[in-house]
Amino acid sequence: MNHAQYEHPLISRYAGKEMIRLFSDDMKFATWRQLWTALAEAEMELGLPIRADQVEEMRAHISDIDYEGANKREQEIRHDVMAHVYAFGLQCPKAKPIIHLGATSAFVGDNADLILQRQALRLVRIGLVRLMDRLAAFAMKYKDEPTLGYTHFQAAQLTTVGKRAALWLQDFYLDFLEIDRLEHTLPMRGAKGTTGTQASFLELFEGDREKVKKLDEAVCEKMGFRRSIPLAGQTYTRKLDFFILSALSGIGQSVSKMTNDLRLLAHLKEIDEPFEAAQVGSSAMAYKRNPMRSERAASIARYVMCLADNGAQTAGSQWFERTLDDSANRRMVLPEAFLGVDACLRLCTNIAGGLVVYPKMIRRHIREEIPFMATENILMEAVKRGGDRQDLHEKIRILSQKAAARVKEAGEENPLFSYIAEDPAFGLDAGSLEKLMDPMRYTGRAAEQTADFIQNYLSKILADNKNAWDETVEVNV
């Protein structure tokens, strides 16, 4: 790290090595050279006067990029693509006359962007599966553990700890479907020529339209794509970038939802994220155990979500067949969105693998609220014993308000059950009411829903990708 200049925190602090490497200069310019080689090879196969030794010379210099020569040339001509054509040509003197033949700058720039984004989508997909695996294990472990549900952050009908985690899990599953779709359907720009009409290639092939079509198909095949986008100007439509940024924003939304919930649960002292033995929670308040990982993930997720709007603005502001006001913007936005999501997924995976649940605190909170939750069951039981439903409903309303006042104003434990036990109209003693205190009576199908979702929607995905990742996910800083 150079401490005398700005270092992007996504690289120096947050993202993983694989994603950082994917958006490196080495990957970008090696991909440009792969594209030039694929184009030359396809042109040769379709009959242009290009020799096999020229193609092999290019292939031999895919990775040994002359940055010094390219940078020096770019300072002279102010054009990055032509600077790298020049540097490649110096290393491949036999192939120099045919490098970039018939192509425009977007041939390497746009196609490389799509190639690298598809590889990045693959890394994101693996990251999602790894996170879902951790969350699924947690959800199954705690699928039967009752906990208060919250609506408006007010105590509501019970759910289970596992079911709540399954809600986070389902969000990431929906993100996985979209990332998987994009990865498998993303097209290349292909060999479309200067303004997308393929006129330059039509000229090279002396008007043979079939060969021009075959060239486009061959370049895509050589680069591992099934197809190119049907129509392009000089660039591919920037709506593709927006679709990708939107999917990454979706992951940011899921990360934000999960980590916000965890931060609230930490405040309730029901669940903690991992906290290391030597970790410091506060520089002043030594006792604190702040949810640092969740806060960091939520912070980066917010940044990623904002980038989708940037993609929309870029897609909507393009002029005719191309304008260059997208270029500098996309150099920043596209890599940063992927790096941000990578950081978020790594953080959430680390969190999900080390969550600490406090069942006694959860049960304490349930016990404080369950008398209110049980009132409907109390009403039904009292009616079975001969009570008048309408009269009892009014009594419960009055007694509930009286009990709530004692809790809020006097700080007492909830006295509702004792009030009901003392009222002969209900015909219920303390023992009968205690039976209605079992939290499992109020969780509905939460445990079953959790197990069904994981079995029916996730089990195959997790099984198919079980060996796709390294189990260890550390927090970088």
Within segment 227-262, of all residues that are surrounded by fewer than 17 Cβ atoms within 10 Å (Cβ to Cβ) and either among the basic types (Lys, Arg) or touching a strand residue (DSSP E or B) at 6+ places or on another chain (Cβ under 6 Å) (or both), the one farthest from residue 190 (Cα to Cα) is 257
Which numbered condition residue 62 fails, given (1) outside any helix (DSSP H, G or I); (2) more than 26 Å from residue 224 (Cβ to Cβ); (3) in contact (Cβ under 8 Å) with a residue 12 or more places away in the chain: (2)
Evaluation of residue 144 against (1) under 27 Å from residue 38 (Cα atoms); (2) outside any helix (DSSP H, G or I) (one fails), failing number: (1)
In this structure, does residue 26 turn out to be under 30 Å from residue 209 (Cβ atoms), of a type in the set (Asp, Glu) and assigned to a helix (DSSP H, G or I)? no
Give me a count of the residues in segment 1-32 that are of a type in the set (S, T, N, Q) and either modelled with pLDDT under 95 or more than 24 Å from residue 65 (Cα to Cα) (or both). 3
Flagged in segment 185-213 as surrounded by 16 or more Cβ atoms within 10 Å (Cβ to Cβ), in contact with a Leu (Cβ under 8 Å, 6 or more places away or on another chain) and part of a helix (DSSP H, G or I), in numbering order, are 201, 204, 211, 212
May I ask you to verify whether residue 294 is touching an Asp or Glu at 6+ places or on another chain (Cβ under 6 Å) and in a helix (DSSP H, G or I)? yes
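The values are calculated or read from the model by the stated rules, or taken from the named source; none is laboratory data. All figures in this text were calculated on a predicted structure; none of them were measured in a lab. Here the Cβ is made from the backbone with ideal geometry for all residues, glycine too, and neighbour counts use every protein chain on show.
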